[in-house]
Amino acid sequence: MAIETILLAVGPGDADRTGKLASAVADVAGPTGATVVLAHVFTDDEFDDVIDQLDYDPSGQPNSDEVAARHATIRSLSSALDREDIGYSVRGAIGEHGETIVKLAEDVNADGVFVGGRKRSPTGKAVFGSTAQEVMLSAPCPVTFVRDD
């Protein structure tokens, strides 16, 4: 199976892991020549907060792709992929993190999904849920979990 498209999904907790995420994706995309889809998923509240922070003109309706492209996490990942000469596009989406990442993976026909996260106890997963776990169980393709140290 050829790897042509990789979805790298990030959210609000991934700002500190951009280096690890970019490195992990580059290790696969570089040798395979895959295109990376950098996707930032926002809940409705997160999207509204980011729009306020970016100081959008209230008369215009910003689209989620544009907002994602202006987000610091995506800009950092874009720079890292540019340095590695890896092709990418940027997508933004609004919805619940896990199910929206799975839908994006389906929409872009991803051959693999990369998500970041931190180590959690089984109790922590049960009480708080886990976006990465939902993606791993529901994605239409293999998922690589990039964990914080």
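Taking the criterion of being open to solvent by 70 Å² or more (accessible area, probe 1.4 Å) and under 16 Å from Ser130 (Cα atoms), the residues of the range 64-119 that qualify are Glu96, Glu99, Arg118, Lys119. Taking the range 78-111 as the range and being at positive phi and touching a residue at least 60 places away in the same chain (Cβ under 8 Å) as the test, only Asn109 passes. Checked against the criteria, Asp27 does not count as under 22 Å from Glu99 (Cα atoms), part of a helix (DSSP H, G or I), within 18 Å of the chain's Cα centre (by Cα) and of a type in the set (D, E, K, R). Going through (1) at pLDDT 95 or above; (2) open to solvent by 80 Å² or more (accessible area, probe 1.4 Å) one by one, Val36 falls short only on (2). Residues in the range 47-63 that are in a helix (DSSP H, G or I), in contact with a strand residue (DSSP E or B) (Cβ under 9 Å, 6 or more places away or on another chain) and surrounded by fewer than 16 Cβ atoms within 10 Å (Cβ to Cβ): 2 in all. Can you confirm whether the range 135-146 contains a residue that is at pLDDT below 95, over 24 Å from Ala34 (Cβ atoms), in contact with a helix residue (DSSP H, G or I) (Cβ under 9 Å, 6 or more places away or on another chain) and hydrophobic (A, V, I, L, M, F, W, C)? No: the range 135-146 contains no residue that is at pLDDT below 95, over 24 Å from Ala34 (Cβ atoms), in contact with a helix residue (DSSP H, G or I) (Cβ under 9 Å, 6 or more places away or on another chain) and hydrophobic (A, V, I, L, M, F, W, C).
The values are calculated or read from the model by the stated rules, or taken from the named source; none is laboratory data. As the structure is a prediction and not an experimental result, all values here were calculated from the model. Cβ sites come from the backbone with ideal geometry, for glycine too, and all protein chains shown count toward neighbours. To get the accessible areas, we keep the full protein, side chains included, count just its heavy atoms, and leave off ligands, DNA and RNA. Shrake-Rupley method; radii C 1.70, N 1.55, O 1.52, S 1.80 Å.
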